[in-house]
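This report concerns only the one structure given below.
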Amino acid sequence: MSPLLDQITPLVLSFNEAPNIIRTFDKLRWARRIIVIDSGSTDGTIELLQSYSQVNLIHHSFTDFASQCNFGLTQISTPWVLSLDADYQLSDEIIREMQSLSPENATCGYRAGFVYRVYGRPLRGALYPPRVVLYRTGSATYKNEGHGHRVSLSGRVLPLVSKIYHDDRKPLARWFQSQQRYAGEEALYLLSADPITLSLADKLRLAAWPAPIVVFVYTLIVKGCLLDGWPGWFYVLQRVCAEIMIALETIDKRRSRNTKDRKI
């Protein structure tokens with residue numbers, strides 16, 4: 001066990017993650033303490049978490065992802081945090097890489113890339129971006145951005161070579177329910193943001209209709225999902241459905257806003 005691993009506390013947000021918990025937490029057995037912030041799970045998640053002796057389970061009502069993460073940071077006493085979603089699974093390679101890290105004082109965090117899996121089957125490529133997962137506790141603050149959240153750090157962030165697996169096996173109905181909420185939040189973000197600050201992907205989403213078409217071609221051809229069999233097509237169809245929902249929400253909210261402006 002390296003000195004750095006002894007200084008890391010994994011932080012995990014959970015809500016009805018029973019289909020994913022075991023894969024995620026079996027790869028965290030090296031941790032002395034794991035902070036889990038649960039927002040009211042009722043599907044057996046709590047019972048599964050209680051089988052891990054290192055888990056410190058804290059119940060906290062959910063308002064938004066940034067607030068939930070910032071609350072979680074207040075529960076951590078170690079110098080470093082490993083921030084994970086409940087459907088992430090550390091690879092053996094990334095655990096060994098963390099063991100070998102000797103960060104300089106100027107280094108405040110590390111960014112990891114992902115291998116996307118569909119029911120355990122890895123894809124050649126996906127749209128899931130790298131994210132900062134390992135960082136110094138005292139330098140971190142979370143902010144909401146659209147339907148997601150982003151950690152803000154003061155210092156240098158370096159890339160990790162090894163990957164984390166993303167493998168969400170919750171029911172498809174749950175995915176649709178979440179995406180409907182995310183689409184509304186994303187549309188509000190796109191319509192309220194300064195267009196100059198938006199990325200190319202967000203500008204396509206703001207235009208609404210191009211995004212689903214671009215995502216279909218990009219994931220199927222450029223990312224190589226065409227060669228991944230049914231898992232690849234499953235992923236492509238999921239991403240296209242998500243983009244269609246964002247497009248519809250954006251159009252609906254824009255029209256609603258324009259109607260109100262005309263009435264005024």
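The values are calculated or read from the model by the stated rules, or taken from the named source; none is laboratory data. Remember, predicted model here, so these are calculated numbers, not experimental data. We place every Cβ from the backbone using ideal geometry, glycine too, and count neighbours over all the protein chains shown. Heads up: the accessible areas ignore ligands, DNA and RNA and are worked out on the full protein's heavy atoms, side chains in. Shrake-Rupley method; radii C 1.70, N 1.55, O 1.52, S 1.80 Å.
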S51 to T74: FRET efficiency via 1/(1 + (r/R0)^6), r the Cβ-Cβ distance, R0 35 Å, to the nearest 0.05? 0.85
With all protein chains in place and a 1.4 Å probe, H149 shows an accessible area in Å² (nearest 10) of 60 Å²
Give the carbon-plus-sulfur fraction of the accessible surface of the chain in %, rounded to a whole number; probe 1.4 Å, heavy atoms of protein chains only. 56 percent
Pairs to check: K170/K253; K143/K223; K27/K203; K223/K253; K143/K253. Give those whose C-alpha atoms are more than 27 Å from each other in this structure. K170/K253; K143/K223; K27/K203; K223/K253
Residue by residue through the stretch 28-45, what is 3J(HN,Hα) from phi via Karplus (6.51 cos²θ - 1.76 cosθ + 1.60, θ = phi - 60°)? Round to whole Hz and write x for glycine and proline. 10, 5, 6, 6, 6, 8, 10, 8, 10, 9, 9, 10, x, 5, 10, 9, x, 4
In Å², rounded to a whole number, the accessible area per residue of the stretch 180-254 with probe 1.4 Å is 53 Å²
How large is the dipole of the chain about the Cα centre if only Lys and Arg carry +1 and Asp and Glu carry -1, each at its Cβ, rounded to the nearest 20 debye? 580 debye
D_trans [Stokes-Einstein, Kirkwood Rh over alpha-carbon pairs] for the chain, 10 °C, 1.306 mPa s, µm² s⁻¹: 80 µm²/s
For W230, what accessible area in Å² do you get when you roll a 1.4 Å probe over the heavy atoms of the protein chains, rounding to the nearest 10? 130 Å²
Residues of the stretch 54-171: accessible area per residue with a 1.4 Å probe, Å²: 47 Å²
How would D252, D85 line up by accessible area, probe 1.4 Å, largest first? D252, D85
In Å², nearest 10: area of T42 left accessible to a 1.4 Å probe: 120 Å²
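Got the relative contact order for the chain handy, in percent, Cα pairs under 8 Å and 6 or more residues apart? Don't jump to the answer; show the numbers that get you there.
Working: 455 pairs, mean separation 46.9, N = 264.
Rounded, it is 18 percent for the chain.
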Dividing the convex hull volume of the alpha carbon atoms of the stretch 190-256 by its residue count, what do you get in Å³ per residue? 70 Å³
Which ³J(HN,Hα) values, rounded to whole Hz and listed in residue order, are derived for the stretch 108-121 from phi using the Karplus coefficients 6.51, -1.76 and 1.60 in 6.51 cos²θ - 1.76 cosθ + 1.60 with θ = phi - 60°, glycine and proline given as x? 10, x, 9, 9, 10, x, 10, 9, 7, 10, 10, 6, x, 8
